[in-house]
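Below: the structure, in structure tokens.
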């Protein structure tokens, strides 16, 4: 008999306790109810959730709210496909907008340990911002990539890796969010169109003679590329070649003609790629291997 | 739960129902589990208690020696907090109960938490032997202290035992546990002085 | 901890392997540090603890995945933790009654299983989203994964700290064990090195993988 | 008054819950990446510890012991802690959303934090008669937890900039740093107070 009473006591006391706590929780949740717009949750589910900041907002959640409030267009997130952008547009009621041109990060330096020497050996804090104060970095070229990987730490998608002293971008993983551009204390990183097939791997402002002394692959502003470019897409700005990607059609002549190998293919360090220009542009000379060929050792091979 | 009524004060009936429903579910969960525990406890409670007392009896026998006609009689009125139980040990020698000693079951605060000792006292209040009932000291450190080699050093001691004096030296690396054992034995001896001794004397001259 | 939920049927072998090797709750997901540091002083403790955790993990995963539709969102945490605590109390009583020797050596740690992050994490992230069988398999897998990790750490600590393995002295009398290993700092150090080793191995496999 | 100071001193330094008793390591290692989240976590844990000790001590004193349901202690304590954590989770989501996002998964994990349950069971076992001492001890234990986690997050933020061998990056180096911190704290072990 007392068994039954005991059970009753238990249910009474502890069941009652649980009842009080349960109701307390629900009542509290009413007071603390955060007005959560479930449309925002649907949008956040579509976004990659990497909080990379490429859209200019602190994270995917704040970007979703901005889209909902109409403050931002749905296509600002660079790593979304066209269908995802349309889906977000239709959820948020904003007008569907075409996907912005995808961009890819590009590091304007190829000063690896092989092609340039070090002024000194640095053993301090593992951060570019601290090494830059000591004479612009270890490497003899003041404009070169410091190589301590601030961009690597900033990249949410793990697309950048430092290979023997110089940072290199894995174009497949890079979503063009631009958080590495802000991370590099020497601002060596720029966003180039993903379709670009050649780019200048240098940003040295020294004269040619000085560059020759310290780096094998530095741009000596000889201007050969400017003369040979059929679309005159390349110009020399304070001793360094700069490609205007709206004019460039990726013919690759500049890469072949460049005596220092500063202009390279963005698809990895293969030999000067055979120039297969898109048919619509002017007809290209079919010279596959130029007189001067070189084997670019590293950039982003694997 | 989207907040339908914008003003927080008006608690509509649906919300009341929802509050009560959730509370009820939690209450059911809790009650079911508690009742289950109650049954399991009622089954295992006696076994645990039985094990507990068997352990103490075995310890008493190991300390006091296996005297067939020994009677173990738990004493009440224990004021001291660190002393849990006290057993008066008498042996019926030709039906005249002759006091052999006491067994005091006391707890001590060791490194890994509390541990329980059974301290056997002779009739004259000197320590006859100590055995460990349960402990949770770390293997290899605290446990080394609770072995017979260290505990037997307390035999024969009567009043305040201090660590480091005479042959009682703390086990290196396990000072916390050694101190705990010493303080526990001291509290037992003090307890003997304060309560057991008078009970003894007025019984002898009573 | 994204499990392969995209496929309609979560593959059981996948779950099993995940729990033991690829997503080992201790070495890879780095959950459940408290019991590891507390109970890994001897291999025998480790097995006892491992079995107890596996038992609780298995049953609580099953019950939680059974009730996942009934438990309202508001009291999700409270309900899960009550169920886990219930099982732990049951196993505590059973151990005390029928296996007193094991219970005395594990005495303090049994109630601490309730606060073992692994059980709660698995319940919250896996059992509340998948069916009964995958949850059961996941419970056993994580239990075994936990036991393996715990045994590795406690083997190292026991050999270095006490000079014994499962109670047998392996070194001669002259061996002076580093009792520091038995203290919790030793636990931190051993765990740190074991996880470093695991990360080293996964790097090697990772690099070899996508050559 | 003396005993209160000695309780606080013991709970914060000599018997620090994380670095001497080694409880609550999951949250300690998980959240201590940044100092401000650690302070947030410390405050949350202190709040939960204090209130739950208050409630559980009363329950234990006036319900569990008289009706001798002591075997239900674990489950009742855990229920109280879980509801408190859920309350603070809602509070943080509403009033301090940044901290709520920063703590992330580790907020619900406070329920399974050994330190919180440890305090409540310790206070229930202790033979304090009135309610004041357990609450002060719990509050001091929470401060001890906060002290340990903030100290450790300072170290971990420095660790980010050191040149650590690849396999040791992230968690292993944090564990080794925690080992050294624990050794330092064991220096307080033998300290007993004059008053």
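Bear in mind that the values in this text are calculations on the coordinates, not laboratory data. Computed from a prediction, not measured in an experiment: that's the story for all the values here. Don't worry about glycine lacking a Cβ; one is built from the backbone with ideal geometry, like all the others, and counts go over all protein chains shown.
Note on chain C: with a GNM built from Cα contacts shorter than 10 Å, the maximum mean-square fluctuation among C:191, C:183, C:57 falls on C:183.
Extending 7 Å from Cα along the Cβ direction at residue A:247 and again at residue A:98 yields two label points whose distance is 2.4 nm.
Projecting label points 7 angstrom from Cα along Cα→Cβ for residue B:97 and residue A:62 puts them 8.2 nm apart.
Restricting the calculation to Cα atoms, chain A yields a radius of gyration followed by a Dmax of 27.8, 105 Å.
Please give the average number of partner chain Cβ atoms lying within 10 Å of the Cβ of each residue in D:16-29, rounded to a whole number.
Across the residues of D:16-29, the mean count of other-chain Cβ atoms within 10 Å is 4.
The largest-to-smallest principal axis extents of the Cα set in the range C:159-211 are 50, 22, 17 Å. Shown for C:43, A:46: other C-beta atoms within 10 Å of each C-beta, ranked fewest to most, produce the order A:46, C:43. Relative to the longest principal axis of the Cα atoms of chain C, helix C:132-162 runs at roughly 10 degrees.
What is the Cα centroid distance between the range D:27-60 and the range C:170-211, reported in whole angstrom? Here the answer is 31 Å between Cα centres. Neighbour counting of Cβ atoms within 10 Å sorts the residues A:109, A:55, D:8, B:27, fewest neighbours leading, into D:8, B:27, A:55, A:109.
Net length available on complete extension from residue A:114 to residue A:81 is 7.9 nm, with 0.36 nm assigned per residue and the Cα-Cα distance removed. Among C:155-161, B:144-150, sorting by the average number of other beta carbon atoms lying within 10 angstrom of each residue, highest first, gives C:155-161, B:144-150. For chain D, the longest principal axis of the alpha carbon atoms and the long axis of helix D:114-125 meet at an angle near 20°.
Computed with the Debye formula from one identical point scatterer per Cα of the range A:103-265, without solvent, the log10 of I(q)/I(0) at q = 0.11 Å⁻¹ comes to -0.42.
If R0 is taken as 56 Å, the Cβ-Cβ distance between residue A:222 and residue D:184 corresponds to a FRET efficiency of 0.35.
Taking each residue as 0.36 nm, the span from residue B:114 to residue B:13 lengthens on full extension beyond its C-alpha to C-alpha distance by 31.1 nm.
Comparing mean-square fluctuations of D:72, D:143, D:29 from a GNM of chain D with C-alpha springs under 10 Å, the top value falls on D:72. Note on B:12-25: average number of Cβ atoms from other chains within 10 Å of each residue's Cβ is 5.
Based on Cα contacts under 8 Å between residues 6+ apart, the range C:124-211 shows a relative contact order of 20 percent. Helix A:16-31 axis versus longest C-alpha principal axis of chain A: approximately 50°, rounded to the nearest ten.
When chain A is treated as a Gaussian network with alpha carbon springs shorter than 10 Å, the biggest mean-square fluctuation among A:263, A:11, A:243 belongs to A:11. Counting, for every residue in D:164-176, the Cβ atoms of other protein chains within 10 Å of its Cβ and taking the mean gives 6. When the Cα gyration tensor is reduced to axis lengths a ≥ b ≥ c, the ratio a/c is 1.5 or higher for the protein assembly as shown, and with a/b above b/c it is classed as prolate. Per residue, the convex hull spanned by the alpha carbons of the range C:1-153 comes to 100 Å³.
Remark: spin-label model distance residue B:75-residue A:153 equals 6.9 nm, labels positioned 7 Å along the Cα→Cβ axis.
Using only the C-alpha atoms, the convex hull of the range D:83-178 corresponds to 134 Å³ per residue. Diffusion coefficient (Stokes-Einstein, Kirkwood radius over C-alpha pairs, 4 °C, 1.567 mPa s) for chain D: 74 µm²/s, rounded to a whole number. Sort out for me the Cα centre separation of the range A:194-226 from the range C:130-159, rounded to whole Å. Cα centroid of the range A:194-226 versus Cα centroid of the range C:130-159: 57 Å apart.
If r is the Cβ-Cβ distance from residue C:69 to residue A:39 and R0 is 25 Å, what FRET efficiency results, to the nearest 0.05? Efficiency, from the Cβ-Cβ distance: 0.50. Across chain D, Cα pairs under 8 Å and at least six residues apart give a relative contact order of 44 percent.
For the range A:103-265, averaging the sequence separation of C-alpha pairs within contact (under 8 Å, six or more residues apart) and dividing by the residue count gives a relative contact order of 24 percent. This ranking places B:171, D:48, C:115 by how few other beta-carbon atoms lie within 10 Å of each, fewest first, which gives B:171, D:48, C:115.
Taking 0.36 nm per residue of separation and subtracting the Cα-Cα distance, what length does fully extending residue D:105 through residue D:132 add?
6.5 nm
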